[in-house]
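K.L.:
Have a look at this one before I ask anything.
The values are calculated or read from the model by the stated rules, or taken from the named source; none is laboratory data. Since the structure is predicted, the reported quantities are computational estimates derived from the model, not experimental observations. Cβ placement follows ideal geometry from the backbone for every residue including glycine, while neighbour counts extend to all protein chains displayed. To get the accessible areas, we keep the full protein, side chains included, count just its heavy atoms, and leave off ligands, DNA and RNA. Shrake-Rupley method; radii C 1.70, N 1.55, O 1.52, S 1.80 Å.
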Amino acid sequence: MVEETPWQQALRYANRANPYPFYEELRKTPVARQPDGTYVVSTYREIVALLHDPRVSSDPRKCPAPAAAQAESSAEPIRQVLNEPNIITCDPPEHDRDRRTMMPHFVGPPPSPHLISDLEPEIRRIVDGLLDDMKGKKRIDAVDDFAYPLPVTVICKVLGVPLEDEPRFHQWIETALDALDFGPEATSEEIRSRQAGGRQAVRDFGQFAAELLDRYARQPGPGMLSAMVNEDGPEGRMSKGVLVSNALLLIFAGHETTVNLIAHSVLTLLRHPDAFEKLRRRPELIVPGVEELLRFESSVQFWHTCSALEDIDIAGTTIPKGAPIFLAYGSANRDPHRFAAPDELDLERPNNQHLGFSQGIHFCFGAPLARLEVQIAVGEFIRRVQNPRLVEDPPPYRHNQIFRGPRHVLVDIDGIHD
């Protein structure tokens, strides 16, 4: 039997709750070729270098390497259905044009730079309502009762997606995510069945987005999607396919990673009662505290659509032209050569330039909204929830390796403060 690499072990579902010992082993070889021809980059310095290297493509259409059989098949449920790129799966100049078109409708153009900060009262209202709904309960699920409802409600408002459609696209997203499997179990019949389900889910999700965009093209309404479909700026409108692909990205990324971050924040702070109490005593630490939580439990563990446009020499290894590259953010954020005592939670960590939102041209433009949501949600949870205790540790995790997060976080409580 062939011994598995540290990367393959990290991807196993049995290790989803704690991949960090395998990342530690992986970092001994900063750029490690895997049996399928993928090059996994696991150290902070090397990942940052590649994120700023124009020889690295983010477009999966530019990754022809036949050795990438596993990486290719793992992404098939989405690639077979979405023929058009979105802003995280394309390169300049296409990327720059589309990002310039989208950014003003999300973070605010110069005449109205407060689109995100103006959402604060609404976010606080939603958080207060969720916590009020927990009154009288002795056990809550920090995922289903708290971490999920907040960001999905907010992103629907920002994008102009009817909230009543949430149950449908929630199921499509869950099915598609379960189909993305990069682990050594990925050749099983079960995985192939999930991939078939994932393809259908992405088709259904894409049809939903296309119909919503068509509706806004006929009759403009509130939110970013309507603004995008009716964009008549100097660079013109996006094509229908690119609009649909980016709409799916925005609906998905606008809540999925934030759900995981809120859930992991609650879980991490309950595992570290000293940090929990420190935030209760000094609520002003919530801003640097969220940055540390982003580093400590990365919502995006790695990214998988990169490839080398030409030979790249890095850390004593040559990544050959055409080879797929996986950037392991979760490992880089625990790299001891960049972060002192990386496995310790330090709410006042100095110079905390983590990769929780990536870097370079693909830096997450939803970061300001995610930060605001998590700061308010975690801060109010700490302030209002009385004596929270974990019921199960580790909790059950979702299957997907990229967007790693707990499926449930059960917490016993004594009550909810006003």
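K.L.:
Given just the C-alpha atoms of segment 295-343, how large is their convex hull per residue in cubic angstrom? Don't skip to the end; give the middle numbers.
P.N.:
Details: hull volume 3.6 nm³, N = 49.
Spelled out: Cα convex hull of segment 295-343, divided by residues, is 73 Å³.
K.L.:
If the chain between GLU344 and GLU84 were fully stretched, how many nm would it gain, using 0.36 nm times the residue separation less the Cα-Cα distance?
P.N.:
On the way: separation 260, 0.36 × 260 = 93.60 nm, distance 4.16 nm.
Result: 89.4 nm gained on full extension.
K.L.:
May I ask you to derive the FRET efficiency for ALA196 and ASP274 from their Cβ-Cβ distance with R0 = 35 Å, giving the value to the nearest 0.05?
P.N.:
Once rounded, the FRET efficiency stands at 0.15.
K.L.:
Moving on. About its Cα centre, what dipole magnitude does segment 141-240 give when the only charges are +1 on Lys and Arg Cβ and -1 on Asp and Glu Cβ, stated in debye to the nearest 20? Provide the component values of the computation, followed by the final result.
P.N.:
Working: 10 positive and 18 negative charges, 109 e Å.
Its charge dipole is roughly 520 debye.
K.L.:
Sticking with this one: Picking from LEU410, ILE116, PRO60, whose Cα lies most toward the positive end of the charge dipole for the chain (charges on Cβ: Lys, Arg +1; Asp, Glu -1)?
P.N.:
Projecting each Cα onto the dipole axis, the largest value belongs to ILE116.
K.L.:
What FRET efficiency do you get for ARG203 and ARG281 if R0 is 45 Å and r is their Cβ-Cβ distance, rounded to the nearest 0.05? Walk me through the numbers on the way to the answer.
P.N.:
Values: r = 51 Å, r/R0 = 1.13.
My answer for the efficiency is 0.30.
K.L.:
Something else: Roll a 1.4 angstrom probe over the protein heavy atoms and tell me the percent of accessible area of the chain that is carbon or sulfur.
P.N.:
Working: 9300 of 17520 Å².
Accessible surface attributable to carbon and sulfur in the chain totals 53 percent.
K.L.:
Taking the Cα centre of segment 343-418 as origin, sum charge times position over the Cβ atoms of Lys and Arg (+1) and Asp and Glu (-1), and report the length of that vector in debye to the nearest 20.
P.N.:
Values: 8 positive and 11 negative charges, 73 e Å.
Charge dipole of segment 343-418: 360 debye, to the nearest 20.
K.L.:
Here's another thing I want to ask about it. Name the GluC sites (Glu not before Pro) in segment 175-236 that are in a loop by DSSP and that have at most 13 other C-beta atoms within 10 Å, would you? Walk me through the intermediate numbers first.
P.N.:
Values: sites: GLU185, GLU189, GLU190, GLU211, GLU231, GLU235; in loops: GLU185, GLU231, GLU235.
Within segment 175-236, the qualifying GluC sites (Glu not before Pro) (loop, at most 13 other Cβ atoms within 10 Å) are GLU235.
K.L.:
Taking the Cβ of ALA323 as the centre, find all other residues whose Cβ is under 11 Å away and add up their charges (Lys, Arg: +1; Asp, Glu: -1). All intermediate terms of the calculation are to be shown ahead of the outcome.
P.N.:
Working: positive: ARG33, LYS321; negative: ASP36, GLU310, ASP311.
Net charge in that neighbourhood comes out at -1.
K.L.:
Computed on alpha carbon atoms, what radius of gyration and Dmax characterise the chain, expressed in Å?
P.N.:
In Å, with Rg to one decimal and Dmax whole: 21.0, 63.
K.L.:
Ok, one more. What are the radius of gyration and Dmax of segment 124-178, computed over its Cα atoms and given in Å?
P.N.:
12.7, 36
K.L.:
ASP346: net charge of surrounding residues, Cβ under 10 Å, Lys/Arg +1, Asp/Glu -1, itself excluded?
P.N.:
Working: positive: ARG295, ARG349; negative: GLU292, GLU344, GLU348.
Cβ neighbours under 10 Å give a net charge of -1.
K.L.:
Let me ask another. Starting from the Cα of ARG100, move 7 Å in the Cα-to-Cβ direction to define the label point; list residues of segment 235-261 whose amide nitrogen is under 11 Å from there.
P.N.:
It comes to 235-236, nothing else.
K.L.:
Work out the FRET efficiency for ASP418 and LEU163 from their Cβ-Cβ distance, taking R0 = 22 Å, and round it to the nearest 0.05.
P.N.:
On the way: r = 26 Å, r/R0 = 1.20.
Efficiency for this residue pair is about 0.25.
K.L.:
So, one more: Rounded to whole Å and sorted largest first, list the principal axis extents of the Cα atoms in segment 235-349.
P.N.:
Principal-axis extents of segment 235-349 (Cα, largest first): 50, 43, 24 Å.
K.L.:
Separate question: Step by step: find N for segment 314-407, compute 2.2 N^0.38 Å, then divide the Cα radius of gyration by it. What's the final number? Don't jump to the answer; show the numbers that get you there.
P.N.:
Values: Rg = 17.3 Å, N = 94, 2.2 N^0.38 = 12.4 Å.
The reported ratio for this selection is 1.40.
K.L.:
Where nothing but the Cβ of Lys and Arg (+1) and of Asp and Glu (-1) is charged, how large is the charge dipole of the chain around its Cα centre, in debye to the nearest 20? Write out the running numbers ahead of the final one.
P.N.:
Numbers: 46 positive and 61 negative charges, 34 e Å.
The dipole magnitude comes to about 160 debye.
K.L.:
Here is a follow-up. Subtracting the Cα-Cα distance from 0.36 nm times the residue separation, let me have the gained length for GLN171 to ASN230 in nm, one decimal.
P.N.:
Details: separation 59, 0.36 × 59 = 21.24 nm, distance 2.86 nm.
So the chain would gain 18.4 nm between GLN171 and ASN230.
K.L.:
When a/c reaches 1.5 or more, the comparison of a/b and b/c decides; with that in mind, is segment 152-262 rounded, prolate or oblate per its Cα gyration tensor? Each step should come with its number before you reach the end.
P.N.:
Details: a/c = 2.29, a/b = 1.84, b/c = 1.24.
In terms of gyration-tensor shape, prolate.
K.L.:
How much length, in nm to one decimal, is gained on full extension between ASN18 and HIS52, taken as 0.36 nm per residue of separation minus their Cα-Cα distance?
P.N.:
Details: separation 34, 0.36 × 34 = 12.24 nm, distance 2.91 nm.
Contour length minus the Cα-Cα distance gives 9.3 nm.
K.L.:
Over the chain, average the accessible area per residue using a 1.4 Å probe and give it in Å², no decimals. List each step's numbers first, then the result.
P.N.:
Details: 17520 Å² over 418 residues.
Per residue, the chain has 42 Å² of solvent-accessible surface.
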